[in-house]
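Chemist: Below are the structure tokens for one structure; questions will follow.
Values in this text are rule-based calculations from the coordinates and carry no lab data. Predicted, not measured: the structure shown is a model, and the values here were computed from it. Virtual Cβ from ideal backbone geometry, glycine too; neighbours counted across all protein chains shown.
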Amino acid sequence: MSCLGAMRLPQYGEAFAPDSVPRDRDQAIEVLRRAVELGVNHIDTAAFYFSPLRRANELINRALAPYPDDLVIATEVGPGRDPSGAWLPHATPQQLRGQVEENLRRLGRDHLDVVNPRIVGTDSIADRFGALAELRDAGLIRHLGLSNIRPYHLAEAQAVARVVCVQNMYGIGASPEQEDMLRICAEQNIAFVPFYSIAGSGRTAGASGEDTGAVHTVARAHGISTAQLRLAWTLHRGPHVLAIPGTGDPDHLAQNVAAGSLRLSGDDLAALESLRDETA
């Protein structure tokens with residue numbers, strides 16, 4: 001499975017920035033259609049991915065409906081933004097249905113393939129996850145995942161309903177806590193779908209360009225960019241690992257897809273392993 005994150009489709013530059021410039025609509029649609037042509041069959045999106053004039057879900061609908069049978073659209077819920085782009089308090093269990101219905105409406109679908117509630121804080125998630133499980137039982141959702149969690153969140157959710165995937169920050173130089181989540185997902189046969197594998201600490205602003213010597217050395221040896229290497233390394237972490245690089249640029253899309261076929265040697269992996277030791 002090959003993935004595309006939709007966060008950067010609505011705008012140029014940093015996602016969610018108040019002065020973001022709407023992306024050219026035709027370019028965003030081109031990226032989505034080209035992604036499917038290149039074999040991308042998993043798109044990660046959210047109703048709160050929007051900029052002035054552009055909404056990711058509406059772009060996806062315009063570009064890809066009627067949707068291919070093998071295309072999985074995963075949708076994040078929990079956060080919200082008002083029309084000006086300002087962040088709202090995270091949704092209550094009662095408000096989650098409205099968010100699910102908004103995603104359905106803008107995507108033009110009668111169900112959501114995967115819904116990932118994004119978790120912020122340490123409070124119990126049982127009520128929120130239970131509300132989504134009820135929507136799954138009603139046929140509005142097919143599968144449930146989790147985003148931005150800790151191991152105890154996963155255990156709590158699993159007691160309510162099956163979790164098929166976890167989205168957490170992860171990439172080269174991952175912390176011991178991040179590695180623990182990777183391992184737990186493997187042990188429980190849960191897909192691990194990390195975000196910011198390329199951007200790292202740059203998060204919504206994108207990659208910082210501060211890669212270490214080892215990253216540059218291995219990337220040069222393969223004739224690829226450091227972004228491609230970061231993505232390839234992540235995908236080497238196990239058969240249960242996907243990654244959701246986000247882009248609205250056709251060239252970056254092609255590079256990201258190509259990184260999925262890169263094979264790193266034992267020496268490559270050993271050189272990059274030292275970066276995790278430095279951050280431990």
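Chemist: Using a simple spin-label model with points 7 Å from Cα along the Cα→Cβ vector, what separation in nm is obtained for residue 220 and residue 177?
Modeler: 3.6
Chemist: Who wins for biggest fluctuation among 52, 89, 194 in a Gaussian network model of the chain, springs between alpha carbons below 10 Å?
Modeler: 89
Chemist: Given the DSSP H assignment, sum -39500 (n - 2.57) over each helix run of at least 4 residues in the chain and divide by its residue total; what's the result at 222 nm in deg cm²/dmol, nearest 500?
Modeler: It comes out at -12500 deg cm²/dmol, rounded to the nearest 500.
Chemist: Relative to a virtual label point 7 Å from the Cα of residue 71 in the Cα→beta-carbon direction, which members of the range 93-110 show backbone nitrogen distances below 19 Å?
Modeler: Answer for the range 93-110: 102-110.
Chemist: Sticking with this one: Once you keep just the Cα pairs under 8 angstrom separated by 6 or more residues, what percentage relative contact order results for the chain? Each step should come with its number before you reach the end.
Modeler: Details: 525 pairs, mean separation 52.3, N = 280.
The value is 19 percent.
Chemist: In addition: Sorted by mean Cβ packing within 10 Å, highest first, what order do the peptides 266-273, 116-123, 63-70, 168-175 take?
Modeler: 168-175, 116-123, 266-273, 63-70
Chemist: Quick one: among 56, 133, 159, which has the greatest mean-square fluctuation in a GNM of the chain with alpha-carbon springs under 10 angstrom?
Modeler: Highest fluctuation among the options: 159.
Chemist: Report the gain in length on full extension from residue 25 to residue 162: 0.36 nm times residue separation, minus Cα-Cα distance, nm rounded to one decimal. It would help to have the intermediate numbers written out before the result.
Modeler: Numbers: separation 137, 0.36 × 137 = 49.32 nm, distance 3.73 nm.
Between residue 25 and residue 162, full extension yields 45.6 nm more.
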